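The values are calculated or read from the model by the stated rules, or taken from the named source; none is laboratory data. From a predicted model like this one, the values you see are computed outputs, not experimental measurements. All Cβ positions, glycine included, derive from the backbone under ideal geometry; neighbour counts span all protein chains shown. With ligands, DNA and RNA removed, areas are computed over all heavy atoms of the protein, side chains included. Shrake-Rupley method; radii C 1.70, N 1.55, O 1.52, S 1.80 Å.
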Amino acid sequence: MTVGIEFSFSPAEEAFRAAVRGFLEKEVAPIVAAMDESEEFPRPTVRRMQEEGYFGVPVPEEYGGLGLGKVGYCILLEEVGKVDASHATILGAHTSLGTTPLLYYGSEEQKRRWLVPAAKGERLLAFSLTEPGSGSDSGSVHTVAERKGDGWVVTGNKIYVSNGREADTIVLMAANDAKLGPNGGVTAFLVDRDLPGFSVGRCEKKMGLHGTSTAELVLDHVELGPERVLGGPGRGFLVAMTALDVGRVSLGAASLGGMESAATQALEFAQHRTQFGAPIANYEAIQFKLADMAMKIHALRFMVYHAAAHQDRMGPEPSRWGHLERQTKTREAATVKCLASEWASEVIDEALQIHGGLGYIRGTPIERAYRDARISEIFEGTNEIQRLVIARDLLDRGL
Ligand SMILES: Cc1cc2nc3c(=O)[nH]c(=O)nc-3n(C[C@H](O)[C@H](O)[C@H](O)COP(=O)(O)OP(=O)(O)OC[C@H]3O[C@@H](n4cnc5c(N)ncnc54)[C@H](O)[C@@H]3O)c2cc1C
């Protein structure tokens, strides 16, 4: 992608978008309503997406991915977001939050062992930071990692882990020294589900995202060798925040897709639904809603791909990033996440309003989208926290 005064996708990116769209229409769209109703993880469609290489889109080809960068990955998530937010969340938890830490901070050996099978779609990843006592204050990790020989013993409870029930490996944050706090006191570990002492606890029932698992993970003296430390002891909070910068932009892409789908449905409905002898699209009150939707979609499209292209230009080696560049990336990600999630809620709400009573009927795509969208204002850091991140940078550097 080139971003300057001109904003355009390359022919290869356009071809990728068309291929993804065709795949989703044929294989995913038909099962989404039933998935939402059954509240089951969509294994067959996830498997098919893994076979297509969609679980390794931004990962370089040398590590088993498609090598399409963050821009390609956002194209994927925008298209998936149009069809189903659950599939977008499963992809995002695996790719943004699972493969990014491995690609950015993994040793060559760790990349070969964990990243390659994940990018090829042979293994599913999850990311586990949140705990019962540690949500927005995510640096105050209570899960304990104690030294044992050259390895570690990890004990504690994690909650709300997307893909937590199904993941083969979890990038999991534990406190190596609580006194040190986020900088130095938190370590990222690679935890495989078959390790002794690891188990999946309660899985939450949710308002939306019915195709995703949101699981508790229980670690009862899980022994982890030194090869399972990602990024070095004490650097886990940095690893987590770097992954979240990627996740917040891709969340923006999925929200963009959700907005585009809702607006398209509203536009079509408004042109066909007749009241008072004319299509409701003839009424200014409806036209203004549609215009507001289009404006938000237009602005968000630029923001998402601008941030994604910036992350691609920065590359996957954090040691090469300058301090200011890192700060800019974090602020951009927070901005995209916050606006995208709020605009998605607004656009989908107005699209539902245009559908009248039909929009409130269980099983319509707009009703599902309304329930699915709300969480984006909360996960990957609440929007209050995004505003704190942006304000802190503003106070430090100005506009
Ligand atoms: C469906 C789902 C999937 C999730 N997936 C994952 C996952 O895969 N991995 C993972 O680690 N976590 C995951 N989470 C957890 C999610 O990231 C947290 O729920 C979120 O970060 C908020 O934490 P909390 O729920 O503890 O809320 P709290 O931190 O308790 O916040 C409660 C309220 O207080 C506000 N607040 C808190 N501190 C401040 C402050 N300083 N200033 C102003 N307002 C403040 C918050 O914005 C919020 O409105 C998931 C959650 C859900 C529901």
Taking the solvent-accessible surface of protein heavy atoms with a 1.4 Å probe, what is the per residue accessible area of segment 2-124 in Å²? 40
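Pull out the extension gain between Lys26 and Arg326, defined as 0.36 nm times the separation in residues minus the alpha carbon to alpha carbon distance; nm, one decimal. All intermediate terms of the calculation are to be shown ahead of the outcome.
Numbers: separation 300, 0.36 × 300 = 108.00 nm, distance 3.98 nm.
Result for the pair: 104.0 nm of gain on full extension.
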Among the lysines, select those whose C-alpha is under 23 Å from the C-alpha of Lys329, and discard any that sit fewer than 8 residues away in the same chain. Lys70, Lys296, Lys337
Contour minus end-to-end for Ala12 and Arg147, with contour as 0.36 nm per residue of separation and end-to-end as the Cα-Cα distance? 43.7 nm
Rounded, prolate or oblate: which one fits segment 2-124, using the alpha carbon gyration tensor with axes a ≥ b ≥ c (rounded when a/c is under 1.5, else prolate when a/b beats b/c, else oblate)? oblate
Here Rg/Rh (Cα, Kirkwood) for segment 331-399 equals 1.15
If you average the sequence gap of Cα pairs under 8 Å that are 6 or more apart and divide by the length of the chain, what percent do you get for the contact order? 17
Checking the cross-link filter: which lysines have an alpha carbon closer than 17 Å to that of Lys111, excluding same-chain neighbours under 8 positions apart? Lys120
Plugging the Cβ-Cβ distance of Lys179 and Arg112 into 1/(1 + (r/R0)^6) at R0 = 41 Å yields, to the nearest 0.05, a FRET efficiency of 0.70
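Only loop residues by DSSP count here, and only those with at most 11 other Cβ atoms within 10 Å; note down the trypsin sites (Lys or Arg not before Pro) in segment 22-111 that meet that. Let's see the in-between values first.
Working: sites: Lys26, Arg47, Arg48, Lys70, Lys82, Lys111; in loops: none.
Loop-located and lightly packed - none at all.
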What are the residues whose amide H is under 5 Å from the amide H of Gly181, where those residues sit 5 or more places off or on another chain and H is modelled from the backbone? none
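Compute the length gained on full extension between Arg362 and Gln287: take 0.36 nm times their separation in residues and subtract their Cα-Cα distance, giving the result in nm to one decimal. If you can, show how the numbers build up before the last one.
Details: separation 75, 0.36 × 75 = 27.00 nm, distance 2.58 nm.
The Arg362-Gln287 span can extend by a further 24.4 nm.
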In what order, largest first, do Ile31, Ile159, Ile75 sit by accessible area if the probe radius is 1.4 Å? Ile31, Ile159, Ile75
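Please go through segment 325-399 and write out the trypsin sites (Lys or Arg not before Pro) that DSSP classes as loop and that have at most 16 other C-beta atoms within 10 Å. The partial results should precede the final answer.
Values: sites: Arg326, Lys329, Arg331, Lys337, Arg362, Arg368, Arg371, Arg374, Arg387, Arg392, Arg397; in loops: Arg362.
Sites meeting the loop and neighbour criteria: Arg362.
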Crossing angle, helix 85-94 versus the chain [Cα axis fit, 0-90 degrees, rounded to tens]: 20
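So if we plug the beta-carbon distance of His221 and Leu399 into 1/(1 + (r/R0)^6) with R0 = 51 Å, what FRET efficiency do we get, rounded to 0.05?
Efficiency computed from Cβ-Cβ geometry: 0.55.
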Taking the chain as the reference, fit the longest principal axis to its C-alpha atoms, fit the long axis of helix 323-354 to the helix C-alpha atoms, and give the angle between the two in degrees, 0 to 90, nearest 10. 40
Rolling a 1.4 Å sphere over the protein heavy atoms, what is the accessible area per residue of segment 329-399, to the nearest Å²? 49
Could you count how many Lys pairs in segment 132-214 have their Cα atoms under 25 Å apart, skipping same-chain pairs fewer than 8 positions apart? 5
Give me the one-decimal nm value for the distance between modelled label points at Ala294 and Thr155, 7 Å along each residue's Cα-to-Cβ direction. 6.2
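Over the chain, what percent of the accessible surface lies on carbon and sulfur atoms, probe 1.4 Å?
56
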Between 0 and 90°, nearest 10: helix 236-272 axis offset from the chain longest Cα axis: 10
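Under the rule a/c < 1.5 gives rounded, and otherwise a/b versus b/c splits prolate from oblate, where does segment 126-230 land using the Cα gyration tensor? Numbers along the way, then the final one.
Values: a/c = 2.22, a/b = 1.41, b/c = 1.58.
Taking the square roots of the gyration eigenvalues as a ≥ b ≥ c, segment 126-230 is oblate.
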Highest to lowest packing among 177-184, 253-260, scored as the average C-beta count within 10 Å: 253-260, 177-184
